[in-house]
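One structure is given here, and the rest of the page talks about it.
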Amino acid sequence: MDISSTAAVLCQLDDIPDGGAIEVQAVVNGEDESLVVWRRDGQARAYLNICPHAGRRLDWAPGKFLVKNDVLVCAAHGASFAAATGECTAGPCRGDRLRAVPVDVSEGRVVLSGT
């Protein structure tokens, strides 16, 4: 996918520990949103910071996420999500998924794509 020079930069890839996640703010479809940006092996995935179970934020404290073995856990009710796909694998919303936000990695930066 081509990345235009006007693509919104979310963060530097190196800002995210490998296997970890950070929060960033971005305008997505005209709305200011909190995003979870997860990194593994030079790749990044981003999701709205909203659990599909009850519409609450995923972080246990602002910008702090429970991530272990590539599983992102919602701090409110313990729903577990495969960080690479956003699919809920355990908990109250099993079978549902996080809402993905398309991103690309370009020149060491995580950028919004297709928005």
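Worth pointing out:
- Evaluating 6.51 cos²θ - 1.76 cosθ + 1.60 at θ = phi - 60° for every residue in the stretch 98-107, the Karplus couplings come out as 5, 7, 6, 10, x, 9, 10, 10, 9, 6 Hz, glycine and proline recorded as x.
- Taking Cα extents along the principal axes in Å as calculated from this structure, the corresponding entry among (i) 41, 30, 25; (ii) 103, 26, 17; (iii) 37, 33, 29 is (i).
- Computed on the Cα trace of the stretch 38-103, the radius of gyration divided by the Kirkwood hydrodynamic radius gives Rg/Rh = 0.92.
- Placed amide H near Arg97: partners under 5 Å, 5+ positions off or other chain: Cys88
- Exposed trypsin sites (Lys or Arg not before Pro) absent - longest run of the chain, DSSP non-H/G/I/E/B, at most 15 other C-beta within 10 Å: 1-55
- If a spin label sat at a point 7 angstrom from the Cα of Ala54 along the line to its beta carbon, the backbone N atoms of the stretch 78-115 nearer than 19 Å would be those of 78-81, 88-99.
- Between Arg94 and Gln43, the FRET efficiency from the beta-carbon distance, with R0 = 30 Å, is close to 0.75.
- The distance between label points at Lys68 and Asn29 comes to 3.4 nm (points 7 Å beyond Cα on the Cα→Cβ vector).
- Radius 15 Å from Cβ of Ile22, net charge of other residues (Lys, Arg +1; Asp, Glu -1): 0
- 3J(HN,Hα) along the stretch 41-50, derived from phi through the Karplus expression 6.51 cos²θ - 1.76 cosθ + 1.60 where θ = phi - 60°, amounts to 6, x, 10, 9, 10, 10, 9, 4, 7, 9 Hz, with x in place of Gly and Pro.
- Charged side chains reduced to their Cβ positions (Lys and Arg at +1, Asp and Glu at -1) give the chain a dipole of some 460 debye around its Cα centre.
- Taking Asp14, Asp32 and counting other C-beta atoms within 10 Å, the order from fewest to most: Asp32, Asp14
Laboratory data are not the source of any read-out in this text; all were calculated from the coordinates shown. Fair warning: this is a prediction, and the values are worked out from it, not measured in the lab. As a convention, Cβ positions derive from the backbone with ideal geometry for all residues, glycine included, and neighbour counts pool all protein chains shown.
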